[in-house]
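The values are calculated or read from the model by the stated rules, or taken from the named source; none is laboratory data. As the structure is a computational prediction, the values presented were derived from the model and not from experiment. As a convention, Cβ positions derive from the backbone with ideal geometry for all residues, glycine included, and neighbour counts pool all protein chains shown. Note: areas computed on protein heavy atoms with side chains; ligands, DNA, RNA excluded. Shrake-Rupley method; radii C 1.70, N 1.55, O 1.52, S 1.80 Å.
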Amino acid sequence: MDRERERPVQVRCNDLGEPEAFVLNRVTYGPLSVEDAWAYRQPWWQPGGDGSRQIYRVRSRAGHLFDLCKMPSGDWRISRLFD
């Protein structure tokens with residue numbers, strides 16, 4: 001099962017700009033391994049459709065799977081968390 005999320009998170013990145021850890025509800029998840037990465041451009045007719053997001057599917061050391069989005073503004077959000 002997956003749960004949709006759009007929650008801001010603090011992300012620490014490596015030298016390549018990929019997420020290596022993030023903080024959610026005062027809990028640090030990391031180190032992270034990047035399993036996949038892609039760009040998503042929201043359709044122009046939807047709210048906020050003026051920019052593209054970089055999405056990273058990451059797995060924590062404990063085995064949790066998350067989709068982290070780097071927004072056009074530069075801030076980070078969790079877009080999906082998998083149970």
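In sequence order, region 59-65 has phi-based couplings of 10, 7, 4, 7, x, 6, 10 Hz under the Karplus curve 6.51 cos²θ - 1.76 cosθ + 1.60, θ = phi - 60°, and Gly or Pro positions carry x.
In whole percent, and with a 1.4 Å probe on the protein chains, what portion of the accessible area of region 7-81 is carbon and sulfur?
Of all accessible area on region 7-81, carbon and sulfur atoms account for 48 percent.
For region 22-68, relative contact order (Cα pairs under 8 Å, six or more residues apart, normalised by length) works out to 35 percent. Taken per residue, the accessible surface of region 7-81 reaches 64 Å², heavy atoms only and a 1.4 Å probe.
At a 10 angstrom cut-off on C-beta neighbours, averaged per residue, how do the peptides 56-69, 24-37 rank from highest to lowest?
Going from most to least packed, we get 56-69, 24-37.
A simple spin-label model places the labels of GLU20 and ALA37 1.3 nm from each other, with each point 7 Å out along Cα-to-Cβ. What is the log10 of I(q)/I(0) for region 7-81, computed with the Debye formula using one identical point scatterer on each Cα and no solvent, at q = 0.14, 0.18, 0.20, 0.24 Å⁻¹? Calculated log10 I(q)/I(0) at the listed q: -0.42, -0.67, -0.81, -1.10. Model label sites at LEU65 and TRP44, defined 7 Å from Cα along the beta-carbon direction, differ in position by 3.5 nm.
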